[in-house]
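Report on one structure; see the data block that follows.
The values are calculated or read from the model by the stated rules, or taken from the named source; none is laboratory data. Note that the structure is a prediction, hence the values are computed from the model and not measured. With ideal geometry, Cβ positions are generated from the backbone for all residues, glycine too; neighbour counts draw on all protein chains shown.
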Amino acid sequence: MARNTLLINVDIGETRVGLVEDGILGELYVERKRDRSPVGNVYVGKVTRVLPGMQAAFIDIGLDRAAFLHVEDLLRKDVDLSEDEEGEKNGKRGKPKAHVSRTTPIREVLKEGQAIAVQVAKGPIGTKGARVTSHVALPGRYVVFHPEVDYVGVSKRIGNERERARLKEVVQSLKPPGTGVVVRTMAANLTKKDLKGDIGYLVNTWEKVKQKIASGRKPPFLVHEEPDIVIRAARDMFTEDVDELVVDDERDYQRVREFMESFLPERVNDVRLYQGSEPLFDEFGVEDEIARALSRKVPLPSGGYLIIDQAEALTAIDVNTGRFTGKGKDVAETILQTNLEAVKEIGYQLRFRNIGGLIVVDFIDMEKPAHRERVYQELLAVLKKDKAKTTAVRISEFGLVEMTRKRTRESLGRTLYEPCFYCDGTGHLQSKTTICHEIFRQMRREQDSLPGYSIVVNAHPAVCDLLEREERASLEEAAKRLQRRIVLNPRREYHLEQFDLTTSS
């Protein structure tokens, strides 16, 4: 087996892509036909609401929920872009100037009912709709084409200044006037011919998009759809660090080969069709790794563990020593080793689970400032390997680290799991004793509206059993106070916390 392998498992209605690095599953992406991600799609939408107080607008692009457009995501047509998130122009660094200023009143640039072409920058997450921008960017294998702003940028990951200058010169000679191109990391050391083919393909794609935008159709409607996850994986993840691409579907195997023949013919032979009897992910041990990596409790090599709890606003990660005692080392060294192990696992978990937003890590308290600094520097080194933008502040005296990670799609956990229907995602239920006493209180509230001699308690069998046994004395006292006979009626179909009161003659 190759050291780094890109696995594509195509199943009925679902496709999964796993990146195995040194035998460990590093990234996992899931796409289902029924709810395919709209990120990268270009729509002609209709402005439904303009919110001056938020400097934003809601755009109907034909999805279940309206998309969100902030004023800063509107593109100005009268300036060049001085720097992109991945690049720079003329060696100058600074904030991009091509967008409308956040101080510009949004009603000056948008009106309700107006048609506008937008691209989905961030997919729907939880209860939030998609986030869109009018700054269209079309990604290819080697470059990202920005058709409406004039600039040339180079990925910051290409560190060689001579190569950066060469790529800028090549791209400047190839791009159409008035358009922009960002050179991706995979383009390092490529020839002019390779870049010309990629840019030409994206320019032709944009011409087709413009024709659809100008068609005069009533919005909302789709004008450009990003390729499915199979082609995106071949385009974006099959880098020179990946030794082979293995796909288990004949049709998609042929599609990937055709794509590689067009854009990277020298690597066509690194694409392999899996024909084993075992499912692809089982053969490579990926299924077991998915189950381990998505559990709430994640073990560490020496016996410690992490507890990962993902809430609506933030994710909390708690580090514990568990059964690790340090094998003769002093307490400070034991804590340091556990925290260093936790740092590596946290970096992996953030990337694998695609956890975004605000993250709080509770390391085990370290008394020595030198130990806190070492753990913090190790954390920064791990986060540098993450493709998503991350920031982290120094470890506080309480052992806490606050950090953020850019979120562009739903986390893996929320894609594969849903909240428990029984506990409503809380992980807790009221105790049976608590429910029993709530029944007694409800009897007192409703005693005047319950005619007849008997009160019938309809409840879950476990609650009725507790009332009849451990709470027998309380039940008899309630009957005495209310001057009624209390009848228990077990209902198997009831939720544990559900009950109601009726009467019988």
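Pick out the one residue from I359, I346, I355 that is part of a strand (DSSP E or B), touching a strand residue (DSSP E or B) at 6+ places or on another chain (Cβ under 7 Å) and not charged (D, E, K, R).
On the way: I346 fails: part of a strand (DSSP E or B); I355 fails: part of a strand (DSSP E or B).
Only one candidate passes the filter, namely I359.
If I ask for residues that are buried (at least 18 other Cβ atoms within 10 Å of the Cβ) and part of a loop (DSSP other than H, G, I, E, B), which ones from the range 150-166 would you list? If you could, list the steps in order and put the result at the bottom.
Residues of the range 150-166 that are buried (at least 18 other Cβ atoms within 10 Å of the Cβ), as a first pass: 151-155, 158, 164.
Hits for the range 150-166 are S155, I158.
Hand me the list of strands (runs of 3 or more DSSP E) wholly inside the range 1-56 holding 2 or more residues that are of a type in the set (D, E) and either touching a residue at least 60 places away in the same chain (Cβ under 8 Å) or within 25 Å of P139 (Cβ to Cβ) (or both). Spell out the reasoning first.
Numbers: elements: 4-11, 14-21, 24-32, 42-51.
Here the list reads 14-21, 24-32.
Which one of A313, A332, A293 is of a type in the set (A, V, I, L, M, F, W, C) and touching a His at 6+ places or on another chain (Cβ under 8 Å)? Talk me through it step by step, then tell me what you get.
On the way: A313 fails: touching a His at 6+ places or on another chain (Cβ under 8 Å); A293 fails: touching a His at 6+ places or on another chain (Cβ under 8 Å).
Exactly one of A313, A332, A293 is of a type in the set (A, V, I, L, M, F, W, C) and touching a His at 6+ places or on another chain (Cβ under 8 Å), namely A332.
Consider P139 against the criteria (1) crowded, with 20+ Cβ neighbours inside 10 Å; (2) closer than 30 Å to E410 by Cα; (3) not charged (D, E, K, R): it satisfies all of them except one. Which criterion is unmet?
(1)
Looking at (1) under 24 Å from G413 (Cβ atoms); (2) in contact (Cβ under 8 Å) with a residue 24 or more places away in the chain, find the lone condition where A311 falls short.
Single failed check for A311: (2).
Scan the range 249-280 for residues that are buried (at least 17 other Cβ atoms within 10 Å of the Cβ) and not in a helix (DSSP H, G or I) and jot them down.
D249, L264, V271, Y274 - these are the residues of the range 249-280 that are buried (at least 17 other Cβ atoms within 10 Å of the Cβ) and not in a helix (DSSP H, G or I).
Restricting attention to the range 177-191, report how many residues are touching a helix residue (DSSP H, G or I) at 6+ places or on another chain (Cβ under 8 Å) and loosely packed, with under 14 Cβ neighbours inside 10 Å.
The total comes to 1.
Wholly within the range 406-505, which helices (runs of 4 or more DSSP H) include no fewer than the required count, namely at least 3 residues that are under 48 Å from the mean Cα position of the chain (by Cα) and in contact (Cβ under 8 Å) with a residue 24 or more places away in the chain? I'd like the intermediate steps shown before the answer.
Details: elements: 412-416, 432-446, 461-468, 472-482.
Helices (runs of 4 or more DSSP H) meeting the threshold: 412-416, 432-446, 461-468.
Just to verify a result, which residue in the range 270-323, among those that are within 24 Å of the chain's Cα centre (by Cα) and among the polar types (S, T, N, Q), is modelled with the highest pLDDT?
Per the criteria, the residue is T315.
Hey, could you check the range 126-149 for residues that are basic (K, R) and part of a strand (DSSP E or B) and say which is modelled with the highest pLDDT?
Filtering the range 126-149 down to residues basic (K, R) leaves 128, 131, 141.
Subset that is part of a strand (DSSP E or B): 128, 131.
Numbers: K128: 84, R131: 93.
The residue in question is R131.
Would you point out which residue out of S454, S474, S396, S431 is more than 30 Å from K122 (Cα to Cα), at pLDDT below 90, surrounded by 11 or more Cβ atoms within 10 Å (Cβ to Cβ) and of a type outside the set (V, I, T)?
On the way: S454 fails: at pLDDT below 90; S474 fails: at pLDDT below 90; S431 fails: at pLDDT below 90.
On inspection, the qualifying residue turns out to be S396.
Name the single residue that is nearest to K46 (Cα to Cα) among those in the range 211-233 being loosely packed, with under 14 Cβ neighbours inside 10 Å and of a type outside the set (A, V, I, L, M, F, W, C).
Only one residue fits best here, namely K218.
Take the residues in the range 185-232 that are assigned to a loop (DSSP other than H, G, I, E, B) and in contact (Cβ under 8 Å) with a residue 40 or more places away in the chain, then tell me which one is nearest to S155 (Cα to Cα).
Step one: of the range 185-232, the residues assigned to a loop (DSSP other than H, G, I, E, B) are 188-191, 214-220, 225-228.
Right, trim to in contact (Cβ under 8 Å) with a residue 40 or more places away in the chain and you get 190, 217, 219-220, 225-226, 228.
On the way: L190: 14, R217: 37, P219: 35, P220: 34, E225: 25, E226: 22, D228: 24 Å.
Applying the filter and picking the extreme gives L190.
Which number in (1) in contact (Cβ under 8 Å) with a residue 24 or more places away in the chain; (2) within 22 Å of T334 (Cβ to Cβ); (3) not acidic (D, E) marks the one condition that I355 misses?
That leaves (2) as the condition not met.
Could you grab the pairs with beta carbons closer than 6 Å, sequence gap of 6+ or different chains, first residue in the range 254-281 and farther than 22 Å from V143 by Cα, second one of a type in the set (D, E) and assigned to a helix (DSSP H, G or I)?
G276/E283; F281/E287
Can you go through R49, R93 and tell me which one is charged (D, E, K, R), at pLDDT below 80 and either loosely packed, with under 14 Cβ neighbours inside 10 Å or within 29 Å of S155 (Cα to Cα) (or both)? Steps first, answer last, please.
Details: R49 fails: at pLDDT below 80.
Every option except R93 fails the conditions.
Looking at (1) under 16 Å from S411 (Cα atoms); (2) part of a loop (DSSP other than H, G, I, E, B), find the lone condition where S396 falls short.
(1) is the only condition that S396 fails.
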